[in-house]
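Just below is one structure, and these are the notes that go with it.
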Amino acid sequence: MEKWDLYDDKRQPLNRAHIRGDKIEMEGFHIVVEIWTVNLKSEILFTLRHPDKKMYSNFWGNTGGS
């Protein structure tokens, strides 16, 4: 089970957790990050999602999480 900390719209903690996959409450938000790896030639590193992934299988993307 994956739990996310919940925040308000000003990124202040609500001191409540949300279970991933459950419907999120209207006033609750969770923080998501994306990582863009760029080398000195301004080339961006992308990864190909595994074909068995439930969503967006075989899509190219960057690293991220919540």
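The values are calculated or read from the model by the stated rules, or taken from the named source; none is laboratory data. Source: prediction; values computed, not measured. Positions of Cβ are backbone-derived with ideal geometry, glycine not excepted, and every protein chain shown enters the neighbour counts. Just so you know, the surface numbers come from the protein's heavy atoms only, side chains and all, with ligands and any DNA or RNA stripped out. Shrake-Rupley method; radii C 1.70, N 1.55, O 1.52, S 1.80 Å.
Going by the structure shown, is Glu34 among the acidic types (Asp, Glu) and either in a strand (DSSP E or B) or loosely packed, with under 10 Cβ neighbours inside 10 Å (or both)?
yes
Any residue in region 42-53 that is in a strand (DSSP E or B) sitting within a Cβ distance under 8 Å of a residue that is among the polar types (S, T, N, Q)? List the pairs, counting only those 6 or more apart or interchain.
Every condition considered, the pairs that remain are Ile44/Thr37; Ile44/Asn62; Leu45/Thr37; Leu45/Asn39; Leu45/Asn62; Thr47/Asn62; Thr47/Thr63; Leu48/Asn58.
Determine if region 19-28 includes at least one residue that is open to solvent by less than 80 Å² (accessible area, probe 1.4 Å) and not in a loop (DSSP other than H, G, I, E, B).
The answer is yes; a qualifying residue exists.
Assuming Arg11 fulfils every condition listed in (1) out of contact with any Ser or Thr (no Cβ under 6 Å at 6 or more places or on another chain); (2) surrounded by 10 or more Cβ atoms within 10 Å (Cβ to Cβ) apart from one, which condition is it?
Against the list (1) out of contact with any Ser or Thr (no Cβ under 6 Å at 6 or more places or on another chain); (2) surrounded by 10 or more Cβ atoms within 10 Å (Cβ to Cβ), Arg11 comes up short only on (2).
Starting from residues that are among the charged types (D, E, K, R) and assigned to a strand (DSSP E or B), keep the ones in region 1-18 and report whichever is farthest from Gly65 (Cα to Cα).
The residue in question is Arg16.
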